[in-house]
1. Collect the residues in the range 348-375 that are without any contact (Cβ under 8 Å) to a residue 60 or more places away in the chain, of a type in the set (Gly, Ala, Ser) and within 21 Å of residue 422 (Cα to Cα), keeping them in residue-number order.
2. Sort out which residues of the range 163-176 are at pLDDT 95 or above and either touching a helix residue (DSSP H, G or I) at 6+ places or on another chain (Cβ under 8 Å) or surrounded by fewer than 24 Cβ atoms within 10 Å (Cβ to Cβ) (or both), and write them in order of number.
3. Determine, yes or no, whether residue 299 is buried (at least 20 other Cβ atoms within 10 Å of the Cβ), in contact with a His (Cβ under 6 Å, 6 or more places away or on another chain), aliphatic (A, V, I, L, M) and over 23 Å from residue 222 (Cβ atoms).
4. Here is a list: 323, 288, 310, 334. Which entry is under 23 Å from residue 350 (Cα atoms), among the small types (Gly, Ala, Ser) and either crowded, with 20+ Cβ neighbours inside 10 Å or touching a Lys or Arg at 6+ places or on another chain (Cβ under 6 Å) (or both)?
5. Exactly one of (1) over 30 Å from residue 67 (Cα atoms); (2) of a type in the set (Val, Ile, Thr); (3) assigned to a strand (DSSP E or B) is unmet by residue 244. Its number?
6. I'd like the full set of residues that are of a type outside the set (D, E, K, R) and either buried (at least 22 other Cβ atoms within 10 Å of the Cβ) or free of Cβ contacts under 8 Å to residues at least 40 places away in the same chain (or both), limited to the range 209-230.
7. Just one of the numbered conditions (1) within 19 Å of residue 203 (Cβ to Cβ); (2) part of a strand (DSSP E or B) is not true of residue 528; which one?
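The values are calculated or read from the model by the stated rules, or taken from the named source; none is laboratory data. Quantities reported herein were computed from a predicted structural model and do not represent experimental measurements. Glycine also receives a Cβ, built like all others from the backbone with ideal geometry; neighbour counts cover every protein chain displayed.
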Amino acid sequence: MTCEWGEVSVQPDILRGGAIRVAGAVALVVLLILFDRSSSAQSGQEGQGRGRVAEQAAKRLAQQILESAGVQGGLVVHVGCGEGRLTAALRAAPSYIVHGLDTRPENVRRARQFLREEGLYGPVAVDLFDGEHLPYTDNLVNVLVAEQRGAVSDGEVMRVLAPGGVFCQKQDGRWKVTVKPRPDTIDDWTHYLHDASGNPVARDQQVGPPRRVQWVADPRHVRSHEHTPTIMAVVSAGGRLFYIADEGPTFSVRAPAQWRLVARDAFNGTRLWTRSIDVWFPHIVNWGAVPRQVERRIVATADRVYATLGYFAPVTVLDAVSGKVVNAYDGTEGTEEILLHDGVLLLAVRAVTDRRIAEQAQWVRLEREDGSPLFARETAQPLLEQFRRAERSAPQSVLAVDSATGRVLWKKPGEGVRRLRTLSLCAAGPRAFFQRGSEVVCVDLKTGQRLWSASAPALRLVSETLVICAGNKTVTALSAETGRPLWSRPTLLTVIHDVFLIRGTLWLGGFKPFPKKRRPSWGPYFVTQRDLKTGEVLKHIEPLNPGHHHRCYLNKATERYILGGRRGTEFIDLETGEVLWNSWVRGVCRYGILPANGLFYAPPHACGCYITAKLTGFYALASDGPTAQPPAANQAGRLQRGPAYRQVAT
């Protein structure tokens, strides 16, 4: 199709499966301190008036380019930046990081000087390059702008563009826009447990054992190991990452919390937008006391984010691109869990009572007191039990809401959901499911009509045909249509920690008795594969014991690996049974890690285990090396004399 100022096309996915290996680009680890450079080449002798005219023209052109690219933030690269005016103008908002490249040293010097004079140097930076190899790792750049790209090949351009990235090239006086498609070998992760079914498995063929860094971001350190985790509820959709973070100072956990909803680019980590959260779950609370359902308060799609912007706040709908509030749905105050399936928001809601509000207010006050009883575990525990009693006293309900309008479709209050089991709410096909006590309940997704109920172990996940319930003694499969038991088998494990549906078979992960330590979780993490039709065991994987307890979060998986959390992150190969240990990288407390977008995301954690090897910071890791090789070194021209040469005494 065409637009007002040029052409728009979609680039075939020539890089899928690593089909192209382009020689020459220098892999660059993005530390979110990318700097950019300059703009269209013009004479440094222009007068001030002509300079202002040129800057306005550059801003208009930059606006056209960014509007045609359809982005509102991320990493923008300008090839052939000249003296830097267009490069500077491409940083249209704080959500952009811009990097200019040029083959001529004099242009780089002029562009840097221009950026310093404009006060832009830092988020906009400029560098020299060889005119052929782009100095970036694969799948990194959101927008690449080239007025004169020289010897940079189409393959090199497509290599550095992120999925969905845009190449804006000037040809014959017109701008041509080419979009790199998103490959079908990577996947989003839209809910805490991947999607509304509760099955924490990414349909992602590119996630694997980490081999290189894609990007690393703040925070470098988190606030405490003994209290509420700094990062929680991480999800990803549309090439973006969303999560809730406490951005209070790390020098003392006693300083007030600063909770925010944060959005980053999933492929380069650029911070796109934030929204402040007024009151959240207490940030000073005894270790392990954070309820697991707090992780279920964000759901994302390519264009919308559904979240609670406060502990008692209603469900708020935000624009995924800009972070602007689109709507807030009345009647959803106190939402603790959010699911989205087939246009319906399923919500687990706890009534916002005066007692709950008073307990929250008291906790906030005590967090700010000198010598607060919250600062010692022994004196905090009675207050924590009091807080929990207030929470449990509030009536619960399950609510179905039209995701587009906020209209309530149906509601199950009071006795209908008494003893609602945490994380049991799920959906698949035309049905929704939840568990109250030992009773699994199935209702029509759109009307809430009760279809069936059945007594079963803990409801773990569902599909369009099956409901999988797993306790520590038995695992049971129910018909999703009728609730009739299809099979029930004794487990081979003492504790069922994880349940996965992967490529048509059932996988259970957990522990056996381990008498040498306090709990079975100190022993090996075992994995068992079962036939979905019969429950018969197909495979049993018994890894070596790493001599460490399992982490405090549920594990996740892809269609190739189960990502265990013991010492670090153990990739358990489902075909071979081989366990690939990565003790130097692990997930944040209570949440864990995230496999999506062909990458392995590891939020920062406060654990001191393997302190000399652990990563610090928010990391995105890739399993493959960059498809390009660095250019051959030119020994004669590797070092250049800068302006300070011979001015520094030795």
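1. Listed by number, the list holds a single entry, 351.
2. 163, 164, 166, 167, 168
3. On the way: buried (at least 20 other Cβ atoms within 10 Å of the Cβ): yes; in contact with a His (Cβ under 6 Å, 6 or more places away or on another chain): yes; aliphatic (A, V, I, L, M): yes; over 23 Å from residue 222 (Cβ atoms): yes.
Judged against the criteria, residue 299 is a match.
4. Numbers: 323 fails: under 23 Å from residue 350 (Cα atoms); 288 fails: either crowded, with 20+ Cβ neighbours inside 10 Å or touching a Lys or Arg at 6+ places or on another chain (Cβ under 6 Å) (or both); 310 fails: either crowded, with 20+ Cβ neighbours inside 10 Å or touching a Lys or Arg at 6+ places or on another chain (Cβ under 6 Å) (or both).
Within the list 323, 288, 310, 334, the selection yields 334.
5. (1)
6. Within the range 209-230, the subset of a type outside the set (D, E, K, R) is 209-210, 213-217, 219, 221-222, 224-225, 227-230.
Correct list: 210, 214, 215, 217, 222, 227, 228, 229, 230.
7. Every condition holds for residue 528 apart from (1).
This table checks each residue for (1) under 16 Å from residue 510 (Cα atoms); (2) part of a loop (DSSP other than H, G, I, E, B).
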{"site": "454", "(1), (2)": "no, no"}
{"site": "460", "(1), (2)": "yes, no"}
{"site": "464", "(1), (2)": "no, yes"}
{"site": "469", "(1), (2)": "yes, no"}
{"site": "483", "(1), (2)": "no, yes"}
{"site": "487", "(1), (2)": "no, no"}
{"site": "496", "(1), (2)": "yes, no"}
